[in-house]
Each structure stands twice: as C-alpha cells, then as structure tokens.
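What follows is a set of notes on a single structure, which appears directly below.
The values are calculated or read from the model by the stated rules, or taken from the named source; none is laboratory data. None of these values were measured; they are calculated from a predicted model. In this analysis, Cβ positions are derived from the backbone assuming ideal geometry, glycine residues included, and neighbour counts consider all displayed protein chains. The area values use the complete protein model at the heavy-atom level, side chains included, leaving out ligands, DNA and RNA. Shrake-Rupley method; radii C 1.70, N 1.55, O 1.52, S 1.80 Å.
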Amino acid sequence: MNHQPVSVRVDERDNVAIVVDAEGAAAGARMAGGLTLAEAVPQSHKVVLHELAAGEPVIRYGEAIGLVNRRVRAGAWLREEMIDLPAAPALDELALATRVPAALEPLEGYTFEGFRNADGSVATRNLLGIATTVQCVAPTVEYAARRIREQLLPRFPNVDGVVAVTHSYGCGVAIDAPGAAVPIRTLGHISQHANLGGAPLVVSLGCEKLQPQRLLPSAAFQTYSGAPLPVLQGDPYVLRLQDRDLRGFAEIVSAILRYAERRLEELNRRRRQTVPASELIVGVQCGGSDAFSGVTCNPAVGYAADLLVRAGATVMFSEVTEVRDAVHLLTPRCVSPEVARDLIREMRWYDEYLGRGQADRSANPTPGNKRGGLANVVEKALGSVAKAGTSALRHVASHGEKVGAGRGLVFAATPASDFICGTQQLASMNMHVFTTGEGSPYGMAMVPVIKVSSRTALAERWPDLIDLDAGPIASGKATIADIGWELFRLLLDSASGRRRTWTEHWGLHNALAPFNPGPVT
Ligand code: CA
C-alpha cells in the first residue's frame, strides 16, 4: 500500500494539483479523492485531475495557464512540453478601474524604531554611505571603505556599517539617450537613500560623462577640501580624484577617511525613535521561484502586504515580465483609469523593449523554475502577483522613480532580474522581502532583506539563510494568515534593528545592478 500523497489545489476550478511531499508521489499511489497516479510525479509538479483532450486549457489559480497539445489522462504528470503558451492579454482591451477593491480596514497602533532624517524620510539602518559617479572610482572607494571599517568604525557603535555605493554605470554610455534617464535617476535616489541619512560624499573621477551635478541635479555641491566642515543636513561634498590638489592614492584615501570620520561622529549621535508603521516602504520580489511560490510564500507576502497597506505603509511590487500575463487581473484593481493606463504604459514599454532585443516574455522562466514545476511565464505570473495582496493599486512608478511613504500598494516597474529589480526598488524602499523556492543567498548592503522560502525542505537545507519558512502552508500546518502576520512582525522587528536578517549576519551584499536600456558607446 502506497503512502497517500499530499497535494494542493489553489482554486476549485483548477484541473491540476501540486504534489507537496518532498519525495514526490509514486506511480499507483491513490490521492485523497480516489484518483490513482498514472506515473510518479516529483514534488511541486502538476498532477492532472481529470482527462484533458488536446487543446483544452490547463486551469491553475482559476485561470488558463496554457492549452494541452495532446490528450492527457487523469493522474498523469503534466510536464512543461505538454502545454502551449497562450497569447498575452491584449493591452488595448483591458478593463480600467472597473473592480476597485474597497479600502481595507485601518490597522492602528503598529510602530517601529527608526531614524528620522531631515527630509522627513525614515531610515531602518544608520549607515555611512559613499556615493560614486562612475565605475572607475569603485575600487578606490571600496579600498577606503575597508580601511574605514577596520580603523574607524569600531569607535562608533551606533553606526551599522559603511557602504561604498559602487556600480558599473557612469561613462562609455550615450548619456543623452532617452534610456539613460533610468540608471541615472535610480543611482541618484540610491545615493541619497534614507538609510544613508542624507548629505553624502560623492566620489567622482573628473572626466566621466555622469558628472556629480547630473547624478544629483537638485544638489548644490561643496568641493571637498579635507577640512572638518559640518556635514549633516548640508549639501553633499564632491571629491574629484583628478583634482590637482590630491597627490597620489594615499592622499585620496586619507581625504575620504577624513570625511568619513567627521560623518561617523554625526551618525553616531543619531538615535532611533518610535515612528508609525506607515513609514515603512517595503519592496517585494521573488527569485528562484517554484510551483509552491504561488501557493505558500507569495500569498503570505500578499497577506502581509495587506496588513502593511492597512497600517498606512507603502508596498511596492515589481517585475514587469512576471506581471504582464496577469495584467488583466490588475488593471480592474487600479484606483483610477489613469493609474490603470500608467500600468499599461509600463507593460507596453517593456513589450517594445523585449521586441527590440528579438525576445519575448517566454524568455523569463529559468531552468530552475521549470525543474521546480513552473511550466511557463503565465503560471509564474499568476503565482507572482499573489505578492501584491488584495488592495487597490494606487500608483505606478516608472523605472527608477522614487516612491515615498504612505502610498499604499504601488507597482514600480522593473525587470524581473533579482539584482536589477532590487537595485531599482532601492531607489525607494527601506525594507525588502524576497521570496524563493529554489533558493538564493541574495542580499543587499543598504536595506535588510527578509528571505521567505516556499518549501520547508529549503528552509531546513538553508536554516542560516532563510528568515521565514512559508512551507507549512502547503502541508496545512500553518495558514496564509499565520505566516503573513509573522512576516509583518518580522518586518517591524527587523526595521527597528531588534533583529538582523541572515544576509546581514553574513554580510552578503550583491553588487548594485542599474538597468541601462540606453546604448553603450
Ligand atoms: Ca526577481
């Protein structure tokens, strides 16, 4: 007698179910309900619940994720090559703001301990940041940052760390091309990130295309002289490596260290204060997704997103190629036809961007996604948008645009690539939630990243990388609400500095990856 396999079906209209057991389900095993498996089905892959004729839709999440291209018997393992990808929803036939959800009941009284900045923004970490205009200066600034960490930082216990805000942009690019606005505004916002507390030192080479004034157009720069001038809440300093007064590498490094010491003294005097949860700006994304992502971690993130929106916070979801195939579910949820049209504008822009590269949305799922049971981008998208919860979509930000606090649910257009998405969300967010099924040790230097696993097997294999396991939702040991509340509380604890995430513990900091849709010269 075979063990009875456990499976999950998200919507009662679904004609497939997902196998939950870590070892998969054996051929001949009988599922609850009496269906006998015609063949072995691996964990997180799909079982066909009743016979499908060629051309019939495969229904998951109550939506067609594709059409079977052959007859498939009940109890069969439905594999990727048996499903044809349907056409993406036509962008000129979408319903605009026709089913706007009613405002959710406010959630009062939730707070965290944050650092208030002079511009009104709230930081979740107290970091010394050194911004850069161009990659040429990156190793110099990273060298200086190492020296600051070793020689200076131990004297300033209230400062959480030192970040060299280095990147691969800044020169050798068509800086006036329309696409250049995307990386420039992304990096400008990151250079003035809330967690850096304002007034950065900007290290420039001198001859680069991305001049400091172009990186931070609203700033009135002071040229760094090495003198111990007041810094906090002042204008940023710019230190140009090619400046005639800076003689040699040692002098350049000591100039950066002199600035850093002065700045660390100021940062060290800052104290956390109680602020409402509405000051959270939470970027959510997924990476290394599997078929469970849309059943466990993403719905739990969606539940937490609703709690955050109820508490007045901003929740940003992103990843255009993973929203494109679910856009027909989102445009009716937009708070106004204008917001719906903004969303469509971002979808169309990306369709055209992919078209110029002779690619389309079928380029999205990775081999790991497919091994994890995700047949195509439609199935991935339906699971992905679960992160957005159920509230009205209130605002759409274009690539690299900054979104402030108190905005509710926001779509911030980004590619789905984990590092590029995270970099663009960093223009706004002060907390980050990352869901994963296959597993990724992804982390960022400037904001805490809370990692949520889709399966308990991953959380057990990586207990020192996964912060929260949503796997018990699949086995029925926890509800979506249980894990959603746990994530909400974890966000408040982590934002307050009471808890450090695993990537903070290990210092796992992926490099910034600005999105440059413009030409390189
Ligand atoms: Ca991603």
Open item on the list: I'd like the distance between the alpha-carbon centres of segment 487-503 and segment 397-422, rounded to an integer number of Å.
Closed with: 21
- [ ] Over the chain, calculate the relative contact order: mean separation of alpha carbon pairs under 8 Å at least 6 apart, over the residue count, as a percent.
- [x] 18
Task: FRET efficiency, ALA102 to GLN242 (Cβ-Cβ, R0 56 Å, nearest 0.05) - done: 0.45
Task: At 1.567 mPa s and 4 °C, Stokes diffusion of the chain via Kirkwood alpha-carbon radius, µm² per second - done: 54
Task: DSSP-assigned coil residues among GluC sites (Glu not before Pro) in segment 15-71, each with at most 15 further Cβ atoms within 10 Å - done: GLU23, GLU39, GLU51
Task: Anisotropy class of segment 116-268 from Cα gyration tensor, a/c 1.5 cut - done: oblate
TODO: Note down the nm distance, to one decimal, between modelled labels 7 Å out along Cα→Cβ at ARG348 and at HIS3.
DONE: 5.3
- [ ] List every residue whose amide H lies under 5 Å from the amide H of VAL173, counting only residues 5 or more places away in sequence or on a different chain, with H placed 1.01 Å from N in the peptide plane.
- [x] THR521
Task: Per-residue [θ]222 nm for the chain (sum of -39500 (n - 2.57) over DSSP H runs n ≥ 4, rounded to 500) - done: -8000 deg cm²/dmol
TODO: May I ask for the angle, rounded to the nearest 10°, between helix 480-495 and the longest principal axis of the chain, with both axes built from Cα atoms and the value confined to 0 to 90°?
DONE: 10
Task: In sequence order, calculated HN-Hα J values of segment 172-179 (Karplus, 6.51, -1.76, 1.60; Hz; x Gly/Pro) - done: x, 10, 7, 6, 9, 5, x, x
- [ ] Can you tell me how much longer the chain between THR36 and ARG500 gets when fully stretched, taken as 0.36 nm per residue apart minus their C-alpha distance, in nm with one decimal?
- [x] 162.4 nm
Open item on the list: Taking the 0 to 90 degree range and rounding to the nearest ten, how far is the long axis of helix 248-269 tilted relative to the main principal axis of the chain, both from C-alpha atoms?
Closed with: 70
- [ ] On a C-alpha basis, how far is the centre of segment 126-156 from the centre of segment 300-372 in Å? Whole number, if you could?
- [x] 35
- [ ] Note the full-extension length gain between ARG356 and ASP482 as 0.36 nm times their separation in residues minus their Cα-Cα distance, in nm to one decimal.
- [x] 40.9 nm
TODO: Please identify every one of the GluC sites (Glu not before Pro) in segment 94-173 that sits in a loop by DSSP and has no more than 14 other beta carbons within 10 Å of its own beta carbon.
DONE: GLU108
TODO: On a C-alpha basis, how far is the centre of segment 205-225 from the centre of segment 39-85 in Å? Whole number, if you could?
DONE: 57
Task: Rounded accessible area per residue of the chain, 1.4 Å, Å² - done: 39
Task: Per-residue HN-Hα couplings for segment 468-477 [Karplus 6.51, -1.76, 1.60; θ = phi - 60°; Hz; x = Gly/Pro] - done: 8, 9, 8, x, x, 5, 5, 8, x, 7
Task: lysines whose Cα lies under 28 Å from that of LYS387, excluding same-chain neighbours fewer than 8 positions away - done: LYS46, LYS370, LYS402, LYS451, LYS477
Task: Chain lengthening between ARG146 and HIS328 when straightened (0.36 nm per residue, less Cα-Cα) - done: 60.6 nm
TODO: Would you mind checking the tilt of helix 138-147 against the longest principal axis of the Cα atoms of the chain, expressed as 0 to 90 degrees and rounded to 10?
DONE: 80
Open item on the list: Probe radius 1.4 Å, ligands and nucleic acids ignored: give me the carbon and sulfur share of the accessible area of the chain as a rounded percent.
Closed with: 51
Task: Amide H within-cut-off set for TYR61, under 5 Å, with H built and near neighbours excluded - done: VAL10, ASP11
Open item on the list: How much of the DSSP bridge set in the chain is antiparallel, in percent, rounded to the nearest 5?
Closed with: 35
- [ ] Could you compute the FRET efficiency for GLU51 and ASP493, with r as their C-beta to C-beta distance and R0 at 56 Å, rounded to 0.05?
- [x] 0.65
Task: At R0 = 60 Å, FRET efficiency that the Cβ-Cβ distance of ASP84 and ARG155 yields, to 0.05 - done: 0.40
Task: Distant-in-sequence amide H partners of CYS286 (H built 1.01 Å from N, under 5 Å) - done: THR435
Open item on the list: Please list, by residue number, every one of the trypsin sites (Lys or Arg not before Pro) in segment 1-65 that is coil in DSSP and has at most 13 other beta-carbon atoms within 10 Å.
Closed with: ARG13
